[in-house]
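Presented below is the structure to which this report refers.
The values are calculated or read from the model by the stated rules, or taken from the named source; none is laboratory data. Keep in mind that what you see is a predicted model, and the values were worked out from it rather than measured. Glycine gets a Cβ as well: all are built from the backbone with ideal geometry, and neighbour counts include every protein chain shown.
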């Protein structure tokens with residue numbers, strides 16, 4: 001049985017790997033698994049309507065009623081599913097991948113992403129083939145345009161709106177021409193923030209910038225924050241389940257730092273467990289433990305983090321890529337909630353630049369190299385057998401732990417890439433270990 005689901009759903013190049021035929025067949029498998037009622041939504045990618053229609057057709061062909069939410073952020077779809085009488089939800093998105101990609105992501109009746117076991121069940125149904133129902137039992141489609149507004153209203157309930165409104169903030173928000181176009185301006189308006197938008201028109205070929213909110217892709221946001229003397233810059237990815245930040249001085253704040261700042265803020269208010277993947281910086285653990293909290297590490301990916309948070313009643317969790325999870329709202333990474341909570345954080349604790357400067361200093365190198373999917377396991381096995389005297393953690397990929405830092409190598413779950421992370425308090429040490437690991441990986445791949 002072939003594996004279809006990666007770290008965050010099924011993804012592929014449209015009409016090459018992710019075809020209409022595949023989408024219909026997968027829709028039938030998803031519908032057979034969920035039964036009865038399923039919500040479906042998409043981000044702004046050009047192929048979104050085509051893939052969504054195909055999946056919806058598959059769902060209805062096996063007797064499932066479909067509620068189409070239109071274009072809305074992934075966490076908005078998740079909130080709708082979790083607060084309505086739905087058996088599950090499907091999001092058509094490839095998140096940060098280039099515009100030629102699209103994807104199919106599933107959530108359960110609570111709005112949480114499916115477990116790997118559930119994904120395997122769908123893959124098994126897909127492999128065996130799902131049976132269509134009789135003509136008079138096919139599902140029907142209805143439309144509900146309320147998802148985005150209900151979601152934004154729910155976010156607002158979990159922050160100190162009066163404090164934010166009274167702070168007279170100016171914010172620049174970069175929507176990446178993605179699903180945030182529907183939620184980000186509305187959220188900032190409801191919070192009484194003066195908002196200036198970038199890339200807020202829903203164009204799926206991302207003419208403004210690539211969907212991934214990296215520092216290199218956010219030059220316009222950084223420039224505008226500086227020229228307007230805004231208090232904060234916010235950037236979303238394509239489906240708006242993540243948010244990254246630019247401080248009021250126009251400096252990009254890394255995902256590790258924003259995660260640490262938020263973990264520190266939450267842990268001063270709620271003593272308890274913070275959950276984060278093995279790829280996160282040690283600064284997260286440092287600030288949480290300093291405030292009397294505890295830390296748990298998981299495999300990379302929001303489903304693993306959310307499950308561990310649910311199982312262990314965590315107070316906060318998140319990833320180093322801008323995916324923050326606030327369990328009081330919902331157990332999924334949430335771009336709007338992250339943006340609103342960061343606004344509250346700077347109102348309560350001061351400028352983001354100062355909060356960033358107050359973090360413990362760690363230096364991390366993040367790289368990715370091309371690696372065919374068929375070579376990922378072999379490369380990981382090769383690297384695992386190197387350096388027998390190093391403490392190793394195989395929670396996800398291979399993490400080699402040193403007294404002054406760590407190196408993590410793991411295959412990407414969404415791209416034909418292999419990721420390398422190296423962290424140390426000493427920048428040169430972090431870079432040297434990354435160089436050595438990358439050289440070993442490239443040499444192995446070139447021999448294949």
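Picking from 45, 3, which residue would you name as being surrounded by fewer than 23 Cβ atoms within 10 Å (Cβ to Cβ), under 24 Å from the mean Cα position of the chain (by Cα) and assigned to a loop (DSSP other than H, G, I, E, B)?
3 is the lone residue from the list that is surrounded by fewer than 23 Cβ atoms within 10 Å (Cβ to Cβ), under 24 Å from the mean Cα position of the chain (by Cα) and assigned to a loop (DSSP other than H, G, I, E, B).
Just one of 170, 121, 161 is modelled with pLDDT of 95 or more and closer than 30 Å to residue 63 by Cα; which is it?
On the way: 170 fails: closer than 30 Å to residue 63 by Cα; 161 fails: closer than 30 Å to residue 63 by Cα.
Among 170, 121, 161, only 121 is modelled with pLDDT of 95 or more and closer than 30 Å to residue 63 by Cα.
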For the range 279-292, state whether one or more residues are within 21 Å of the chain's Cα centre (by Cα), part of a strand (DSSP E or B) and on the phi < 0 side of the Ramachandran plot.
-> no
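Let's see how each residue does on (1) more than 24 Å from residue 302 (Cα to Cα); (2) in contact with a strand residue (DSSP E or B) (Cβ under 6 Å, 6 or more places away or on another chain):
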{"position": "22", "(1), (2)": "yes, no"}
{"position": "28", "(1), (2)": "yes, no"}
{"position": "33", "(1), (2)": "no, no"}
{"position": "43", "(1), (2)": "no, no"}
{"position": "64", "(1), (2)": "yes, yes"}
{"position": "75", "(1), (2)": "no, yes"}
{"position": "86", "(1), (2)": "no, yes"}
{"position": "93", "(1), (2)": "no, yes"}
Just need a number here: residues in the range 28-43 that are in contact with a helix residue (DSSP H, G or I) (Cβ under 7 Å, 6 or more places away or on another chain) and closer than 12 Å to residue 103 by Cα.
-> 2
Hey, residue 219 hits all of (1) in the same structural domain as residue 233 (by TED's automatic domain parsing); (2) surrounded by fewer than 22 Cβ atoms within 10 Å (Cβ to Cβ); (3) in contact (Cβ under 8 Å) with a residue 40 or more places away in the chain but one; which does it fall short on?
-> (3)
Any idea how many residues of the range 166-185 are touching a helix residue (DSSP H, G or I) at 6+ places or on another chain (Cβ under 9 Å) and either surrounded by fewer than 20 Cβ atoms within 10 Å (Cβ to Cβ) or not assigned by TED's automatic domain parsing to the domain that holds residue 341 (or both)?
-> 3
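Hey, among 306, 339, 314, which residue is buried (at least 23 other Cβ atoms within 10 Å of the Cβ), part of a loop (DSSP other than H, G, I, E, B), in contact with a strand residue (DSSP E or B) (Cβ under 6 Å, 6 or more places away or on another chain) and in contact (Cβ under 8 Å) with a residue 24 or more places away in the chain? Quick ask: steps written out before the conclusion?
Numbers: 306 fails: part of a loop (DSSP other than H, G, I, E, B); 339 fails: part of a loop (DSSP other than H, G, I, E, B).
Testing whether each residue is buried (at least 23 other Cβ atoms within 10 Å of the Cβ), part of a loop (DSSP other than H, G, I, E, B), in contact with a strand residue (DSSP E or B) (Cβ under 6 Å, 6 or more places away or on another chain) and in contact (Cβ under 8 Å) with a residue 24 or more places away in the chain leaves just 314.
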Quick one: in the range 7-22, of everything that is crowded, with 19+ Cβ neighbours inside 10 Å and part of a strand (DSSP E or B), which residue is nearest to the chain's Cα centre (by Cα)?
-> 9
Looking at the range 284-302, which of the residues that are under 21 Å from residue 341 (Cα atoms) and surrounded by 23 or more Cβ atoms within 10 Å (Cβ to Cβ) is modelled with the lowest pLDDT?
-> 302
